[in-house]
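Here is the structure we will look at.
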Amino acid sequence: MRLSTVILPIDRWHEGGRDKWRRAEELGFHAAYTYDHLSWRTFRDGLWFGAVPTLTAAAAATERLRLGTLVTSVKPFSPIAA
C-alpha cells in the first residue's frame, strides 16, 4: 500500500517548512501534496504560500518523494496586478 500526505503551505521555509517535507520523505510517504489557493478559517489571518514555489523548494529538499497539488488554480495570475 502506498500512502500520501498533505502539507499545507503555511510555514516559512526556514521556520519548519523544509523540515515537514523532509520528514514526510523520512516517514516513507509515497507522495506529498499541497494546495494552491484554498484556505481554512483557522489560517485566514496567517501566511499562505504559493504551491509552485513550495513544490519547487520541496523538490530541492527531498530525493524520492513525489510531489503535486491537490487543487491548482487555472486562471492566469499577473504578479504586476497584485
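Every read-out reported here was derived from the displayed coordinates using simple, explicitly stated rules and does not represent laboratory data. Just so you know, these numbers come straight off a predicted model, no measurement behind them. For neighbour counting, all protein chains shown are included, and Cβ atoms are generated from backbone atoms with ideal geometry for every residue, glycine included.
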> When N counts the residues of the chain, how does its alpha-carbon radius of gyration compare numerically with 2.2 N^0.38 Å, as a ratio?
Replying inline: 1.12
> Going by alpha carbons, how many degrees (0 to 90, nearest 10) lie between the helix axis of 17-26 and the longest principal axis of the chain?
Replying inline: 30 degrees
> What residues of segment 28-60 lie in the reach of a label at THR5, counting those whose backbone N is under 13 Å from a point 7 Å from the Cα along Cα→Cβ?
Replying inline: 28-34
> Quick one: helix 51-61 against the long Cα principal axis of the chain, what's the angle to the nearest 10°, folded into 0 to 90?
Replying inline: 30 degrees
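What value, in deg cm²/dmol to 500, does the helix sum -39500 (n - 2.57) over DSSP H runs of n ≥ 4 give at 222 nm once divided by the residues of the chain?
That calculation yields -7500 deg cm²/dmol at 222 nm.
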